[in-house]
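Input: a single structure, listed below in structure tokens.
The values are calculated or read from the model by the stated rules, or taken from the named source; none is laboratory data. In this text, all values refer to a predicted model and were calculated from it rather than measured experimentally. Cβ placement follows ideal geometry from the backbone for every residue including glycine, while neighbour counts extend to all protein chains displayed. Calculation scope for accessible area: heavy atoms of the full protein, side chains included, ligands and nucleic acids excluded. Shrake-Rupley method; radii C 1.70, N 1.55, O 1.52, S 1.80 Å.
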Amino acid sequence: MIDVAVLFFALGVFAALVRSDLRLPEALYETLSIFLLVAIGLKGGLELSRQPLAALLPQVLACIALGFAIPFVLTPVLRVMGLSRADSASIAAHYGSVSVVTFAVAQSWLQRAQVPLEQHAALWVAVMEAPGILAGILLARVGAGAAGQVRWGELAHDVFLGKSVLLLVGGILIGATMGDAGTASIKPLFLDLFKGVLALFLLELGLVAGARMGALKRQALPIVVFALAAPVALAFAGALVGALLGLSLGGVTVMATLAASASYIAAPTAMRIAVPEANAALSISAALGVTFPFNITVGIPLYHRIAQALT
């Protein structure tokens, strides 16, 4: 099944490939991203208000461990492929972090397929965004004996107080504090209009991804193969973690999807600060130009099948 929002992504890619003058204003793109982050956070926070937080601690710890471990697995693979330490750690950090939009598409896909999902899943997104980035920095800097060159204060500010984490965590806290009654007045905006806003955001991402197709042609074939194979392998690991945690079928699917996703918002910013010698275009092209389209078109249904096999 193809979600209708994914077709907007395909429309954006097509528009970029045929060199259409279709563009979304930069201010609108920023507004849509803020909306999605707040809405996803609110959804998770509302579910937190309905259950004890202590019961979710094993899930939180597992998400942190999974995100932190991924770069340590991928970096040696990328090194064998001939990439430098900096480029290997940077790409691995992008895959250790998560894509909020991929999560939103998976959530929408499961809803359309009528597959139940833990409603606090947004909490998993919030806690998985930073650990992989930190692991990538450690691999790039500490492993090279250059830990002293990292501006840790500036980095910590951008990772933990950057837009994505701040809005996600803020939305979760507001939803958890105010509950259903307290957020009823904003529900028509943030929850009821979510799908339409997601479609417009994917249209813009399609335009960006389509514009990067030329850069992908200039990249070595192994990078493209890696960007297709890594998500599938990571999805197995994520699905296994979800199954061990006793999550529902939808929860295991989302955990697999999060493990398979790659960040193209938080990770590029953080790695540009901490590892400026890394080739940022290489990481973004792999994450946004290959892995993201693969995940939202083929990956999510595939990860659902993996989850079915494990549960």
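Restricting region 1-27 to residues that are in contact (Cβ under 8 Å) with a residue 24 or more places away in the chain and over 22 Å from PHE294 (Cα atoms), which is most open to solvent (accessible area, probe 1.4 Å)?
Residue satisfying both the conditions and the ranking: ARG23.
Answer yes if at least one residue in region 227-243 is open to solvent by 10 Å² or more (accessible area, probe 1.4 Å) and farther than 19 Å from PHE72 by Cα, and no otherwise.
Checked region 227-243: at least one residue is open to solvent by 10 Å² or more (accessible area, probe 1.4 Å) and farther than 19 Å from PHE72 by Cα.
Would you pick out the residues in region 20-33 that are under 18 Å from the mean Cα position of the chain (by Cα) and farther than 20 Å from SER261 by Cβ? Show your work before the answer.
Filtering region 20-33 for residues under 18 Å from the mean Cα position of the chain (by Cα) gives 29-30, 32-33.
Selection gives GLU30 alone.
Identify all residues within region 15-56 that are more than 18 Å from LEU202 (Cα to Cα) and charged (D, E, K, R); write none if there are none. Before you say what the answer is, go through the steps one by one.
If we filter region 15-56 for residues that are more than 18 Å from LEU202 (Cα to Cα), which is where we start, we get 41-56.
Result: LYS43, GLU47, ARG50.
Can you report the number of residues in region 244-269 which are assigned to a helix (DSSP H, G or I), open to solvent by 30 Å² or more (accessible area, probe 1.4 Å) and either of a type in the set (A, V, I, L, M) or without any contact (Cβ under 8 Å) to a residue 24 or more places away in the chain (or both)?
The number of residues fulfilling the criteria is 2.
Please enumerate the residues belonging to region 112-152 that are touching a Leu at 6+ places or on another chain (Cβ under 9 Å), at pLDDT 90 or above and open to solvent by 10 Å² or more (accessible area, probe 1.4 Å).
VAL115, PRO116, LEU117, GLU118
Which of (1) at pLDDT below 90; (2) closer than 24 Å to GLN111 by Cβ; (3) not basic (Lys, Arg) is the odd one out, the single condition PRO52 does not satisfy?
Among (1) at pLDDT below 90; (2) closer than 24 Å to GLN111 by Cβ; (3) not basic (Lys, Arg), PRO52 violates only (2).
Check whether at least one residue in region 48-63 is under 16 Å from the mean Cα position of the chain (by Cα) and closer than 22 Å to ARG272 by Cβ, and report yes or no.
No, because not a single residue in region 48-63 is under 16 Å from the mean Cα position of the chain (by Cα) and closer than 22 Å to ARG272 by Cβ.
State the number of residues belonging to region 158-201 that are open to solvent by 70 Å² or more (accessible area, probe 1.4 Å), part of a helix (DSSP H, G or I) and among the small types (Gly, Ala, Ser).
Summing the residues that are open to solvent by 70 Å² or more (accessible area, probe 1.4 Å), part of a helix (DSSP H, G or I) and among the small types (Gly, Ala, Ser) in region 158-201 gives 1.
Among the residues of region 97-111, is there at least one that is in a helix (DSSP H, G or I), surrounded by 24 or more Cβ atoms within 10 Å (Cβ to Cβ) and among the hydroxyl-bearing types (Ser, Thr, Tyr)?
Yes.
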